[in-house]
Amino acid sequence: MSDLLLQRRILLQKARLYGILDLGYVAEKRLVPVGQAMIAGGVDIIQLRAKGRSGAEVLALARLLQPIFRGTETLFIVNDHPDAAREADADGVHIGQEDGLVPDIRKLLAPGQLVGKSSHSVEQAVAAAGEGADYIGVGPIYATPTKPDYVPVGLGLIGKVAAQVTIPRFCIGGIKRENLEEVLAAGADRVVVVSGILQAPDVTAYCRELKSRVGVKGLLA
């Protein structure tokens, strides 16, 4: 294992709050200031999600964002585009179930970059871990407009996956400040929040509140 991969996995183990800069909610010209506000609020991982954009467009956006992560401990992940993640020197890429196997994705990355994979069932979570994913997403826990075609998996899946998968598990899908406590009570120690953060009047304050709540739960887990 390279030193860089080890460093990134250490940060990944510490990570509790994962945010997504989704162009469905944030205009391109706001990506950098919103990303900076999320970092200031203590978000541990930030993903760039630009559905429907070309690889070249995603790369340009990733290169625009990459400098704000320098000197921080916030990991920068690119959604769906391993080539863009490699060329922009991101910390890694996140893929869906339909995007292939983790070992094949790693061949498209630079040494030391992380691979996360979405899962929607215990079987998919176990398979992703077996492929060598560095972390998994588990969800959608609730209905979410960012994934309208996915049926919510519900709170019950959280504990089932935790019982069989030891790599970091980030619960995702409709999670906000208002329902965070029930997600944590169901066994989550890491969460992804999208619209709640991006639509908050004060992004930094919202992130700090989330981090203080999930962070305490995570440290006790």
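Nothing in this text is a laboratory measurement; each read-out follows from the coordinates by a stated rule. Since we're looking at a predicted model, the values are computed, not measured. Counting neighbours? That spans all protein chains shown, and the Cβs are built from the backbone with ideal geometry, glycine included.
Neighbour counting of Cβ atoms within 10 Å sorts the residues GLU98, GLU181, fewest neighbours leading, into GLU98, GLU181. Compared with the alpha-carbon gap, the fully stretched path from LYS160 to ARG177 is longer by 3.8 nm at 0.36 nm per residue. Near VAL78, the amide H atoms lying under 5 Å from its own belong to LEU48, GLY92, VAL93, HIS94; only residues 5 or more places off or on other chains count, and H is placed 1.01 Å from N. Using only side-chain charges placed at the Cβ, +1 for Lys and Arg and -1 for Asp and Glu, the dipole size of the chain relative to its Cα centre rounds to 400 debye. Going through (i) 55, 40, 32; (ii) 40, 39, 35; (iii) 58, 42, 34, the figure that equals Cα extents along the principal axes in Å as computed for the structure here is (ii). By the count of neighbouring beta-carbon atoms within 10 Å, fewest first, THR166, THR72 end up ordered THR166, THR72. Each other residue within a Cβ distance under 14 Å of GLN199 adds +1 if Lys or Arg and -1 if Asp or Glu, for a net charge of 0. Charge tally around LEU75: other residues with Cβ under 14 Å, Lys/Arg +1 each, Asp/Glu -1 each, net +1. Contact order, relative form, for the stretch 3-220: 22 percent (alpha carbon pairs under 8 Å, 6 or more residues apart, mean separation divided by residue count). In the chain, helices alone account for a calculated mean residue ellipticity at 222 nm of -11500 deg cm²/dmol, with every DSSP H run of four or more residues adding -39,500 (n - 2.57).
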